[in-house]
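Everything on this sheet refers to the single structure shown next.
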């Protein structure tokens, strides 16, 4: 079986870093293609995942469409040579389009409702996989699973925090510290949206510095005033840093989810949080693991309150309750990809009663 995997974000590397070797261990060919984004390429190298870079990082919002077009064209030409059985990606716009041109099945993974790009992706995808509580409905192709995308790499069965790696980079995992994340708002789905203002960033870092060390993760260049707060560890250790942190605050959706799933008190500031928030954030908030707001000043106040409090035990207990019974997302992904590859060029086979029982046991719901 030939599988094509594409990654366009560091979190995509983490999602597939266990899936790719699991497929290869079963004797399948896996071809990984990437677009430059933040530290995604560094992570692919670190995890020794062979890959081909198809496009660089767009330098402006206007250049995003050109970069996407270049990326899709090069993926199409590569897929023609490979002749894949199945293609998969998070977001998956290029995969959904190209798979139709080369006769492959496509499996795309979504966890964010109401995104414009879904309108040019989901009509072409063969399978759309989302967490169980996802509000949008994509019809017979929609598969829901009881988990989070981030549990493909942060479930306790998949993630073993390494305090030694932090100490080697000068971070004391037993000391009080906070992790702050500032993202770059340059993606297509970021149009009209925002996170922290420059003033709120300064207020946040200054206030948290009164309670311990502050480590800042940023996609864009940090101002000179943040020099002493720059990330001290390599990108592959950021989840270890998050796990031992006393607090996370940021305007990144992915890292906010990661912190919450690791049991680290988390505050998220995004304009997405104003009104009807996305279902994954609602679930984390319902379990008391994440506080979200569209107001930067309110986020700073929430962060200050948590920084003064001793809530680690409560958050760990809430995390345990959330994770109880969540499925193995990696094994689910591998099995689904193998199943879809078997359908390439033909009609979906009838599902046996045994497979239906197995899906029910793992809290997976397929609508066909």
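The values are calculated or read from the model by the stated rules, or taken from the named source; none is laboratory data. Note that this is a predicted model, so its numbers are computed, not measured. A quick note on method: Cβ atoms are made from the backbone with ideal geometry, for glycine too, and the neighbour counts reach across all protein chains shown.
Data for the structure
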| quantity | calculated |
| --- | --- |
| Subset of region 184-221 (residues that are touching a strand residue (DSSP E or B) at 6+ places or on another chain (Cβ under 6 Å), part of a loop (DSSP other than H, G, I, E, B) and modelled with pLDDT of 70 or more) | 196, 212 |
| Residue selected from region 284-296 under the condition over 17 Å from the mean Cα position of the chain (by Cα) and not in a loop (DSSP other than H, G, I, E, B), by the criterion nearest to residue 311 (Cα to Cα) | 291 |
| Residue that is touching a residue at least 60 places away in the same chain (Cβ under 8 Å), in the same structural domain as residue 311 (by TED's automatic domain parsing) and out of contact with any strand residue (DSSP E or B) (no Cβ under 9 Å at 6 or more places or on another chain), where the choices are 255, 278 | 278 |
| Output for region 1-22, where each listed residue is within 17 Å of residue 56 (Cα to Cα) and surrounded by fewer than 23 Cβ atoms within 10 Å (Cβ to Cβ) | 9, 10 |
| Selection count, region 23-44, where residues are part of a helix (DSSP H, G or I), touching a residue at least 40 places away in the same chain (Cβ under 8 Å) and either touching a strand residue (DSSP E or B) at 6+ places or on another chain (Cβ under 6 Å) or crowded, with 18+ Cβ neighbours inside 10 Å (or both) | 2 |
| Qualifying positions in region 229-256 - over 15 Å from residue 289 (Cα atoms) and in a loop (DSSP other than H, G, I, E, B) | 231, 232, 233, 234, 251, 252 |
| Test: residue 107 is surrounded by 22 or more Cβ atoms within 10 Å (Cβ to Cβ), under 14 Å from residue 35 (Cβ atoms) and either in contact with a helix residue (DSSP H, G or I) (Cβ under 6 Å, 6 or more places away or on another chain) or without any contact (Cβ under 8 Å) to a residue 40 or more places away in the chain (or both) | no |
| Flag if residue 243 is over 24 Å from residue 161 (Cβ atoms) and either modelled with pLDDT of 90 or more or more than 23 Å from the chain's Cα centre (by Cα) (or both) | no |
| Residue identified as within 18 Å of residue 11 (Cα to Cα), in contact with a helix residue (DSSP H, G or I) (Cβ under 9 Å, 6 or more places away or on another chain) and not in a loop (DSSP other than H, G, I, E, B) among 226, 281 | 281 |
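Residue by residue, here is whether (1) within 28 Å of residue 29 (Cα to Cα); (2) at pLDDT 90 or above; (3) surrounded by 14 or more Cβ atoms within 10 Å (Cβ to Cβ); (4) out of contact with any helix residue (DSSP H, G or I) (no Cβ under 7 Å at 6 or more places or on another chain) holds:
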residue: 291; (1), (2), (3), (4): no, yes, yes, no
residue: 308; (1), (2), (3), (4): no, yes, no, yes
residue: 316; (1), (2), (3), (4): no, yes, no, yes
residue: 333; (1), (2), (3), (4): yes, yes, yes, no
residue: 340; (1), (2), (3), (4): yes, yes, yes, yes
residue: 355; (1), (2), (3), (4): yes, no, yes, yes
